[in-house]
Amino acid sequence: MVIYLIDANVLIDASRDYYPITRVPEFWEWLAYVAAAGHVKIPVEVYEEIQEGEDDLGKWARSDGIKEALLLDEEVDVFLVSRITDEGYASDLTDDEVEKVGRDPFLIAYALAAPGERCIVTTEVSKPTKQRANRHVPDVCNQFDVRCCDPFTFLRMLDFRTGWKSR
């Protein structure tokens, strides 16, 4: 079974643009369901980013049972985070660049810890000419042979439908 590791931008964009929580609650119920079943997880570093807001997404992330369903129950391998940062971005990033890279090395490290069993879902698209802190998740994933897909591929792979409960 592949575990899909969700980047914060997927949930932020879904909440804002495609599946507002108050307009398409079926999406969020489905996401909680597939997360509880172990198909979708969010590393704690990513969860912290989405739960801190006072918007609908932050409230949803903090609601009963959601955190427990979503969180990937493991600690990150700090050596993998360091390797991904050094080799995937640059070994001499400035403080501003480290801030720009954000939590992406953590997300990629969780996927790299179980190659072939995990796939990162991100809205970022490949931009192979970007350098240093400007590199995109799909390009760093490609460098480390980590599977990566966009949200729409993810939804097709897990067969999301608004009428999912009736099937």
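Pairs linking a residue in region 39-57 that is among the aromatic types (Phe, Trp, Tyr) to a residue that is not in a helix (DSSP H, G or I), with Cβ atoms under 7 Å and 6 or more positions apart or on different chains, are 47/71.
Residues satisfying the criterion are absent from region 66-80 (criterion: free of Cβ contacts under 8 Å to residues at least 60 places away in the same chain, closer than 30 Å to residue 24 by Cβ, hydrophobic (A, V, I, L, M, F, W, C) and loosely packed, with under 13 Cβ neighbours inside 10 Å). Right, residue 17: surrounded by fewer than 19 Cβ atoms within 10 Å (Cβ to Cβ), assigned to a helix (DSSP H, G or I) and either aromatic (Phe, Trp, Tyr) or without any contact (Cβ under 8 Å) to a residue 12 or more places away in the chain (or both) or not? Here the answer is yes, as residue 17 does meet what is asked. Applying the condition of being assigned to a loop (DSSP other than H, G, I, E, B), among the hydrophobic types (A, V, I, L, M, F, W, C) and touching a helix residue (DSSP H, G or I) at 6+ places or on another chain (Cβ under 8 Å) to region 65-116 and asking which residue is nearest to residue 129 (Cα to Cα) yields 90. Contact annotation: residue pairs with Cβ atoms under 7 Å, 6 or more positions apart or on different chains, pairing a residue in region 142-157 that is surrounded by 14 or more Cβ atoms within 10 Å (Cβ to Cβ) with a partner that is at pLDDT 95 or above and among the hydroxyl-bearing types (Ser, Thr, Tyr), are 148/122; 150/123; 151/123; 154/4.
Step by step: first the residues of region 127-138, then only those that are charged (D, E, K, R) and within 16 Å of residue 81 (Cα to Cα), then the one that is surrounded by the most Cβ atoms within 10 Å (Cβ to Cβ). Which residue is that? Going through the qualifying residues, I end up with 135. Quick one: is residue 33 under 23 Å from residue 111 (Cβ atoms) and assigned to a helix (DSSP H, G or I)? Considered against the rule, which asks whether it is under 23 Å from residue 111 (Cβ atoms) and assigned to a helix (DSSP H, G or I), residue 33 comes out as yes. Are any residues in region 35-55 surrounded by fewer than 17 Cβ atoms within 10 Å (Cβ to Cβ) and within 19 Å of residue 162 (Cα to Cα), and if so, which ones? Matches in region 35-55: 36, 37, 39. When the criteria are applied in full, residue 110 fails the requirement of being farther than 18 Å from residue 5 by Cβ and surrounded by 15 or more Cβ atoms within 10 Å (Cβ to Cβ).
Does region 119-126 include one or more residues that are buried (at least 19 other Cβ atoms within 10 Å of the Cβ), under 25 Å from residue 41 (Cα atoms) and touching a Leu at 6+ places or on another chain (Cβ under 6 Å)? Looking for residues that are buried (at least 19 other Cβ atoms within 10 Å of the Cβ), under 25 Å from residue 41 (Cα atoms) and touching a Leu at 6+ places or on another chain (Cβ under 6 Å), one finds at least one in region 119-126, hence yes. In region 1-12, the residues that are closer than 14 Å to residue 104 by Cβ form Cβ pairs under 6 Å with partners that are among the acidic types (Asp, Glu), at six or more places apart or across chains, as follows: 8/49. Considered as a group, the residues in region 122-157 that are hydrophobic (A, V, I, L, M, F, W, C) and more than 17 Å from residue 5 (Cβ to Cβ) include one that is nearest to the chain's Cα centre (by Cα), and that residue is 125.
Just checking, does region 39-53 include any residue being on the phi < 0 side of the Ramachandran plot, in a helix (DSSP H, G or I) and over 16 Å from the mean Cα position of the chain (by Cα)? So far as region 39-53 goes, no, none of its residues is on the phi < 0 side of the Ramachandran plot, in a helix (DSSP H, G or I) and over 16 Å from the mean Cα position of the chain (by Cα).
The values are calculated or read from the model by the stated rules, or taken from the named source; none is laboratory data. Source: prediction; values computed, not measured. Ideal geometry is used to build each Cβ from the backbone, glycine not excepted, and the neighbour counts take in all protein chains shown.
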